[in-house]
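A short write-up of the structure that comes next.
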Amino acid sequence: MKFVHSYFLLCVLSFALFSQEGDSISPKPIIDFDIAYLFPEKAKLANISEANVLLKVFIDEKGVLKDVVVISSDKRGYNFEKSAVKVVKLAQWEPGIVKGKPIGMWHQVPVHFSLEDSEPPSILEEIKANLRKIFRILK
């Protein structure tokens, strides 16, 4: 069985990106929803298990997403770009801060998608053993 593990990969710098004067902070996303369902079906069918998309977003002084631009994607043609844009559109945002005041600013956001095995091998082996016992009983 497979499950989708997708997450917003945010560099440490994206949470506290300070200017040389130390008085500006970049916008922060607030993810309060499960983004696993956004792993593209087209990619699952093609057995693609991971992808990275880099976006550039403009967050205004009220924390509202105003624009999204796809900068790069390592798996083009499988709808990862579309899914990454959905993630940032669904997120709530805190605005960037300059000299203690909220301000609109552009910010780069990496989004990582990953499809992983959900059961460790030991559980799979136990299931197989139990199925063998059941088949022996049924014979």
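The values are calculated or read from the model by the stated rules, or taken from the named source; none is laboratory data. This structure is a prediction, so every number in the text was calculated from the model and none was measured. Cβ: placed from backbone, ideal geometry, glycine included. Neighbour counts: every protein chain shown.
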Pick from region 55-84, criterion outside any loop (DSSP other than H, G, I, E, B) and polar (S, T, N, Q), ranking: nearest to Pro40 (Cα to Cα): Ser83
Some residue of region 23-37 being over 22 Å from Lys75 (Cβ atoms) and of a type in the set (Phe, Trp, Tyr): yes
Number of the exception - Lys66 against (1) among the basic types (Lys, Arg); (2) crowded, with 18+ Cβ neighbours inside 10 Å; (3) at pLDDT 95 or above: (2)
Qualifying position, being touching a residue at least 60 places away in the same chain (Cβ under 8 Å) and either touching a Gly at 6+ places or on another chain (Cβ under 6 Å) or not small (Gly, Ala, Ser) (or both), among Val109, Val85: Val109
